[in-house]
Amino acid sequence: MSSPQDARAFLALTQKISQARGVSCESYKDKCLKRRIAVRMRARGVHTYDDYSRLLDQDPREYQELLDALTINVTKFYRNPETWQALRPYLQRLAEPRPSLPLRIWSAGCATGEEPYTIAVLLAALGAPGTIDATDVDRVSLERTAAAAYPDTAFTEMPADLRRRYFAGGRPLPAIRDVVRVLPHDLLREAPPRPPYDLIVCRNVVIYFERQAQERLFETFVNALTPGGVLLLGKVETLLGPARERLQLVDPRERIYVKPA
Ligand SMILES: C[S@@+](CC[C@H](N)C(=O)[O-])C[C@H]1O[C@@H](n2cnc3c(N)ncnc32)[C@H](O)[C@@H]1O
């Protein structure tokens, strides 16, 4: 249990971070913020929120370390293979009626890019043209997305034949890279970059957000989808709020939702 003084110091610290770095701390779950800040406090050997706040004033590099810790960016190519298998027929259905028109896709919270390049591989394997907006709030992650050079460990969930066909030496082939557009974007503060979208993939991002922020974002997603469009969430994420009435849950296990046409 934290004391009222702790709670005040925590609030003051998160307000300061929000103001200094334009991060909407108030929309992230307190538990998540506390855990991440504690990691940085331990790393720097300070024991109170006030001391950590002073440290941020003295050492601006610590802000970047803290932001890296806050935006947990674990990801992999073809993460949860069963999800991508379940999505395949929906992608096919989106592409079929309009074979020459590129599908418009948004990978929201794309971390270091494994997710948008996975989607580009799926499109190529289906022979469906498309473009993917790959967005994240974390600029370091986005630099890695743009650099697109990956270690073997990033591929452990991807079927070997897809890796062979669409990658060379840990890098996606130009045809895969060319359809991914990398953009900085804060889901808590900015409108969708280039709506409408046929598919929005937002996995393992909203779990860190407060309920109200999640509900707002889900409504934004529904508005940004074309009729018949698809929303894919992470395996432990659930659609909340008014958006539930506007989307049909077509695969409860894999969290696939369709906007009625
Ligand atoms: C665990 S990763 C998910 C990566 C990928 N979607 C996946 O499931 O493998 C979470 C990502 O959400 C991003 N994120 C956190 N808050 C965000 C925000 N407000 N706007 C955009 N992205 C955010 C983080 O920077 C991080 O890269």
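Here are the numbers:
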quantity	calculated
Centre separation in Å (Cα based) which lies between segment 1-74 and segment 173-208	27 Å
Nearest-20 debye value, segment 81-258 charge dipole, Cβ charges on Lys, Arg, Asp, Glu	320 debye
Karplus (6.51, -1.76, 1.60) ³J(HN,Hα), θ = phi - 60°, over segment 168-175, in Hz, Gly and Pro reported as x	9, x, x, 10, x, 5, x, 4
Nonlocal amide H pairs with Tyr197, under 5 Å, H built at 1.01 Å	Leu225, Thr226
Inter-probe distance in nm under a simple model that places probes 7 Å from Cα toward Cβ, at Arg194 and Asp59	4.0 nm
Neighbourhood charge, 13 Å Cβ-Cβ cut-off, centred on Gly22 and excluding it, Lys, Arg +1 and Asp, Glu -1	0
Spatially proximal lysines relative to Lys235 (Cα-Cα < 22 Å; intrachain offsets below 8 disregarded)	Lys29, Lys31, Lys76, Lys259
Cut-off of 10 Å, at most 16 other beta carbons, DSSP loop: longest stretch of the chain lacking such GluC sites (Glu not before Pro)	1-156
Ellipticity estimate at 222 nm from DSSP helix runs (n ≥ 4, -39,500 (n - 2.57)) divided over the chain, nearest 500	-13500 deg cm²/dmol
5 angstrom amide H check on Val250, placed H, neighbours 5+ away	Ile256, Tyr257, Val258
Contour minus Cα-Cα distance for Gln15 and Leu240 (0.36 nm per residue)	78.4 nm
Average Cα contact separation per residue, the chain, under 8 Å, 6 or more apart, as relative contact order %	17 percent
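Where a number appears in this text, it was derived from the coordinates with a stated rule and is not lab data. Not measured: the values here are computed from a predicted model. Heads up, the Cβs are rebuilt from the backbone with ideal geometry, glycines too, and the neighbour counts pull from every protein chain shown.
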